[in-house]
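Single-structure report; data block below.
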Amino acid sequence: AQRVTQPEKLLSVFKGAPVELKCNYSYSGSPELFWYVQYSRQRLQLLLRHISRESIKGFTADLNKGETSFHLKKPFAQEEDSAMYYCALSGMGGSEKLVFGKGTKLTVNP
Amino acid sequence: DAMVIQNPRYQVTQFGKPVTLSCSQTLNHNVMYWYQQKSSQAPKLLFHYYDKDFNNEADTPDNFQSRRPNTSFCFLDIRSPGLGDTAMYLCATSSGRTQYFGPGTRLLVL
């Protein structure tokens, strides 16, 4: 069964501090992993995907198949990073459906 | 430029009174999705269309139906809403594996 676990419901850091949002998954195959973000009063939008291997807004995420993890990291958090973050998984081989984690609410304090 | 539009943004209905939620897209994507998101929970896929092909999730209640009359529009019909159907309903489209979300319709069943 496909499952995405985000162990932290809430995460609070100070501006300029490093931040790591944890995501673990279970999938019997090679999935594609995503991070979606929802800023206050805005729609859910893609932040990054593991296949792209890019940094968006200073965030990076590396897929660790051994640990089945896809943690989201940023070395210096900004106040505008405060948002709800969802990790999501899509099965390879044609399926475009997403399975979401429950989300982590990140608050960056001044 | 709104790419995925949902109407209405807020809907209040009475227990048992049918309700229809609307989604339209300007992206010309062939896949459209409906998700249900209850408070503090992950978005949960109800069903999706690949062009005109309807794909229902196994655990989606029969009370939930959908129509896609053309590429641009997709409707979610709740035939007899129960109190437990109070939630945010998200529409999304995709071409490839990135999903583009609408702002959601917040449904309250009284």
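The values are calculated or read from the model by the stated rules, or taken from the named source; none is laboratory data. Computed from a predicted model, the values in this text were never measured in an experiment. All Cβ positions, even for glycine, are placed from backbone atoms using ideal geometry, and neighbour counts span all protein chains on display. Heavy atoms of the whole protein, side chains included, go into the accessibility calculation; ligands, DNA and RNA do not. Shrake-Rupley method; radii C 1.70, N 1.55, O 1.52, S 1.80 Å.
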Compute log10 of I(q)/I(0) for segment B:4-97 with the Debye formula, placing one identical point scatterer on every Cα and leaving out solvent, at q = 0.12, 0.14, 0.15 Å⁻¹, to two decimals. -0.35, -0.47, -0.55
Roughly speaking, what is the centre-to-centre gap between segment A:15-30 and segment B:33-110 when only Cα atoms are used, to the nearest Å? 26 Å
Expressed as a fraction of 2.2 N^0.38 Å, the rule-of-thumb size for a compact globular protein of N residues, what is the C-alpha radius of gyration of the protein assembly as shown? 1.03
Shielded residues, segment A:62-110 - accessible-area loss of 30 Å² or more between chain alone and all protein chains, probe 1.4 Å: A:TYR86, A:GLU96, A:LYS97, A:LEU98, A:PHE100, A:LYS102
Of every Cα-Cα pair in chain A, the percent that sits beyond 16 Å: 56 percent
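Using DSSP to define loop residues, name the trypsin sites (Lys or Arg not before Pro) in segment B:1-71 whose beta-carbon has at most 12 other beta-carbon atoms within 10 Å. Before the final figure, lay out the partial values.
Working: sites: B:ARG9, B:LYS38, B:LYS44, B:LYS52, B:ARG67; in loops: B:ARG9, B:LYS38, B:LYS52.
Sparse-neighbourhood loop trypsin sites (Lys or Arg not before Pro): B:ARG9, B:LYS52.
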Here FRET efficiency (C-beta to C-beta, B:SER22 to A:GLN2, R₀ 35 Å, nearest 0.05) is 0.75
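Once you keep just the Cα pairs under 8 angstrom separated by 6 or more residues, what percentage relative contact order results for chain B?
Across chain B, relative contact order equals 38 percent.
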For segment A:36-97, which trypsin sites (Lys or Arg not before Pro) are both in a DSSP coil and crowded by at most 12 other Cβ atoms within 10 Å? A:ARG41, A:ARG53, A:LYS57, A:LYS65
Can you list the chymotrypsin sites (Phe, Trp or Tyr not before Pro) in segment B:1-55 that are in a DSSP coil and have 15 or fewer other beta carbons within 10 angstrom? B:PHE15
Need one number: buried accessible surface between chains B and A, 1.4 Å probe, both sides summed, DNA, RNA and ligands left out, in Å² to 100. 1700 Å²
Shielding of B:90-99 by partner chains, average beta-carbon count, 10 Å: 4
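Which whole-number percent gives the relative contact order of chain A, counting Cα pairs below 8 Å spaced six or more residues apart?
Averaging sequence separation for qualifying contacts and normalising by length gives 38 percent for chain A.
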